[in-house]
Each structure stands twice: as structure tokens, then as C-alpha cells.
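The values are calculated or read from the model by the stated rules, or taken from the named source; none is laboratory data. Only a predicted model underlies this, so the values are computations on that prediction, with no experimental measurement involved. Here the Cβ positions follow ideal geometry from the backbone for every residue, glycine too, while neighbour counts run over all protein chains shown.
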Amino acid sequence: MPADAEVEVRRSARRKRTLTVFRERGRLVALVPARLTAAQERSLLPPLVERFLERESRRTMPASTDELSVRARDLYDAYLAPRAGAPLPPFSVRWVDNQQRRWGSCSSDSGHIRLSSRLRTMPLWVSDYVLLHELAHLFVPSHSDDFHRLLAGYPHLARAQAFLQGYQHAADAGGKDWSDDLD
């Protein structure tokens, strides 16, 4: 297990055989059977965490602005070019840390695209949707029918929109456990 990988281990009496690792609010969490010994945990958990981190690294957005630009061009070619009817205009794209209420923004006149760094922890298909959304603004500045026709070719469109709405709803709720309000 990487030295910098801090993992919260949660033991479960209901879990009998399997171990699993996932990310919760940015932190790695491992679910293990309650009867697992400390020695078993030390031997079984590191390779599981390694595999999880490897899979996660393959599905996350590029880190550098150059890689992000390449990703944007690939997405444009795959999903927007067939509908845009025009070549991709000059643009720049970068990560920003100061967008807490928006996922991305685009200045269509200058071609500057900014993506919230909060997207880095989300599935790739969600980040790709936001990048495509901002690229579409290079062609249509508003959210008109023409704008939505440009995005219609992305196969994860509705799923990504629902993911972001759910994420924002949970963030706005401040982590409140609404099950306490159910009777």
C-alpha cells in the first residue's frame, strides 16, 4: 500500500468474506469482516488499495493543462464535431480552485475554459460532460436548443447531469442525515 494512502478501516459483523475499498468524501474507506485479524488486514488490504488506486488513476481527468487540452480535443472530435459543423475554435482550458458553486465556465469570446478542481475526484464521464458543456459554449454561448443539440451526442449526458445534481444536493444538505426526519 502506498505510504501516503491513509485508509479508514470499517469492520462489519454482517460482512463475512469480502473486503472492498471505495472513496467517501475524498477519503479511502475499506470495509472488512469484523472477524478479520490484524495480520490478515495487513496482508490483504494493501494489494486491494493498490488495485483501487490504479483503477482510479486510469479514470480521472488529466492533471496538466496540456493533457486537459488534449482531452478536450478528443472529446470535441468524438462528440461535438459531427454536430458543430465548424472546426474547434482556439481555446485554453485549466483547473481552478475558486469555483465552489459552478462546475465550469467558459468565456466564449476569448475561448478561456475553467473547470472546478472539485471535478478531479468525480468519475471521468462526469468530468467529460462538464468539459463538453463548456466546449459547446464556444459555438453557442447560451443554453438554447442549438446548444442542447450539440451535447445530445454524448452517451452519458443524462447520467452525468443527474450525478452532478445529486452531488450538489448532498453538498447543500451539509451532510445532514435525512433518515432522522422519516417516521
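Worth a mention:
- Single unsatisfied condition, residue 158 versus (1) without any contact (Cβ under 8 Å) to a residue 24 or more places away in the chain; (2) surrounded by 20 or more Cβ atoms within 10 Å (Cβ to Cβ); (3) among the aliphatic types (A, V, I, L, M): (2)
- All positions within region 110-155 that are of a type in the set (Val, Ile, Thr) and surrounded by fewer than 18 Cβ atoms within 10 Å (Cβ to Cβ): 121, 140
- Residues that are at pLDDT 90 or above and loosely packed, with under 14 Cβ neighbours inside 10 Å, drawn from region 60-77: 70, 74, 77
- First in region 1-30 and farther than 25 Å from residue 171 by Cα, second anywhere and assigned to a loop (DSSP other than H, G, I, E, B) and modelled with pLDDT of 90 or more, Cβ under 8 Å, 6 or more apart: 11/34; 11/36; 12/34; 13/34; 15/34; 19/36
To keep it simple, each residue is scored yes or no on (1) closer than 24 Å to residue 22 by Cα; (2) of a type in the set (A, V, I, L, M); (3) touching a residue at least 60 places away in the same chain (Cβ under 8 Å).
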{"position": "111", "(1), (2), (3)": "no, no, no"}
{"position": "135", "(1), (2), (3)": "no, yes, yes"}
{"position": "141", "(1), (2), (3)": "no, no, no"}
{"position": "149", "(1), (2), (3)": "no, no, yes"}
{"position": "152", "(1), (2), (3)": "no, yes, yes"}
{"position": "163", "(1), (2), (3)": "yes, no, no"}
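- Given (1) outside the structural domain of residue 11 (by TED's automatic domain parsing); (2) in a helix (DSSP H, G or I); (3) under 25 Å from residue 22 (Cα atoms); (4) not basic (Lys, Arg), number of the condition residue 80 does not satisfy: (3)
Residue-by-condition table, conditions (1) at pLDDT below 90; (2) not in a helix (DSSP H, G or I):
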{"residue": "142", "(1), (2)": "no, yes"}
{"residue": "155", "(1), (2)": "no, yes"}
{"residue": "162", "(1), (2)": "no, no"}
{"residue": "168", "(1), (2)": "yes, no"}
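- Residue 57 modelled with pLDDT of 95 or more, loosely packed, with under 14 Cβ neighbours inside 10 Å and not aliphatic (A, V, I, L, M): no
- Taking first residues from region 32-44 that are at positive phi and loosely packed, with under 10 Cβ neighbours inside 10 Å and partners that are assigned to a helix (DSSP H, G or I) and not hydroxyl-bearing (Ser, Thr, Tyr), no Cβ contact under 6 Å between residues at least 6 apart in sequence or on separate chains turns up.
- Some residue of region 95-118 being in a helix (DSSP H, G or I) and either within 20 Å of residue 64 (Cβ to Cβ) or at pLDDT 95 or above (or both): yes
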